[in-house]
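The values are calculated or read from the model by the stated rules, or taken from the named source; none is laboratory data. All values reported here derive from a predicted model rather than from experimental measurement. With ideal geometry, Cβ positions are generated from the backbone for all residues, glycine too; neighbour counts draw on all protein chains shown.
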Amino acid sequence: MSARPQRPSTLQRNLVFIGVAIVFLWAVLGVGIKWDRLLNLPSRLIDIFGFMFLPPDWSFLGEAVEQMLVSIAMAWIGTIIGALLSLPMGFLAARNVSGGIFSTIARMVLTAIRAVPELILAIVVFVPIAGLGPMAGALAIGVHSIGTLGKLSSEAIESIDPGPVEAARATGSSRLAIQRWGVIPQVLPEIVAFWLYRFEINLRAAAVLGIVGAGGVGALLANTLEFRRWDAAGMTVLVVIVGTIIVDQASGWLRRRIIEGADVEAAPEAEVIVDPDLAGR
């Protein structure tokens, strides 16, 4: 007769829970939360909501939409810069493509780029170089996108099916031809989906960068709040919400189409053959 299995010990799980609780308490004490203000937060939010949205300044709609389009353009330019420069970096960082010291150096470069937020890049590097305006924000977004998209691209390349690569190598193809016909067709749909998802993230980053002088809807929102134009700020926030939802839905639809492929076309209706004898009855 087999021995009855022992009940697994919960000591390790309890230790993990205790550790998480200790870290949480340490974080709460470290940030210095003022509990009296936290308790008054709901009433303050209701007041701000009333100032901004009851009602918003509809005359400000045109300017808010115009600046939102500037932020979308900023995010799109930054995404294009990041996409074009991250693709070769992804090949260099992939261990199954470059390998050795080249892969290690490329991964270190991508990690260093990801470690610096767009906000720091804009303030420290691109605003002093390009001046205030959307160009500085687009450059900051583009450089930071290289780090993230390069990492995702390298991981996609490392997970390819080696069969097409080996078949291309067996035919005596050059190294460039192997990448062109054996690697890129496998990873391109996934990488393009990464680019579209990064565009959604960059749109939010563009709104934040506007606060530090990169223009767009973020700068407009900062100006309205500075002069206590709550109704204009409310209209700007509404435009940001609606614009972001539209971009997210369009980008998500494109990503699904790219990854899953086009929907199967409706099959043609079957031809109905009628027996003349039956038709005459």
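Points worth noting:
- Identity of the residue in segment 147-187, among the β-branched types (Val, Ile, Thr) and out of contact with any Lys or Arg (no Cβ under 7 Å at 6 or more places or on another chain), that ends up farthest from residue 105 (Cα to Cα): 171
- When residue 133 is tested against (1) at pLDDT 90 or above; (2) at positive phi; (3) not hydrophobic (A, V, I, L, M, F, W, C), only condition (1) is not met.
- Among (1) within 15 Å of the chain's Cα centre (by Cα); (2) over 18 Å from residue 132 (Cα atoms); (3) buried (at least 18 other Cβ atoms within 10 Å of the Cβ) - the single one residue 235 does not satisfy: (1)
- Of the candidates 64, 106, 27, the single residue that is surrounded by 10 or more Cβ atoms within 10 Å (Cβ to Cβ) and under 30 Å from residue 193 (Cβ atoms) is 106.
- Condition check for residue 147: on the phi < 0 side of the Ramachandran plot and modelled with pLDDT of 90 or more: yes
- Of 133, 142, 150, all but one fail to be surrounded by 15 or more Cβ atoms within 10 Å (Cβ to Cβ), touching a residue at least 12 places away in the same chain (Cβ under 8 Å) and out of contact with any helix residue (DSSP H, G or I) (no Cβ under 7 Å at 6 or more places or on another chain); the exception is 133.
- Inter-residue pairs, beta-carbon under 8 Å, first free of Cβ contacts under 8 Å to residues at least 40 places away in the same chain and in segment 205-221, second crowded, with 24+ Cβ neighbours inside 10 Å and of a type in the set (S, T, N, Q), 6+ apart: 221/236
- Hey, residue 33 in a helix (DSSP H, G or I) and surrounded by 10 or more Cβ atoms within 10 Å (Cβ to Cβ) or not: no
- Condition check for residue 181: over 25 Å from residue 136 (Cβ atoms), modelled with pLDDT of 80 or more and of a type in the set (Phe, Trp, Tyr): yes
- Cβ-Cβ under 6 Å pairs, at least 6 apart or on other chains, segment 105-120 side within 19 Å of residue 214 (Cβ to Cβ), far side surrounded by 13 or more Cβ atoms within 10 Å (Cβ to Cβ): 113/146; 113/147; 118/140; 118/141; 118/144; 118/205
- Checking each residue in segment 1-20 for being basic (Lys, Arg) and either modelled with pLDDT of 75 or more or surrounded by 10 or more Cβ atoms within 10 Å (Cβ to Cβ) (or both) picks out only 13.
- The one condition in (1) touching a residue at least 12 places away in the same chain (Cβ under 8 Å); (2) over 17 Å from residue 215 (Cα atoms) that residue 50 fails to fulfil: (1)
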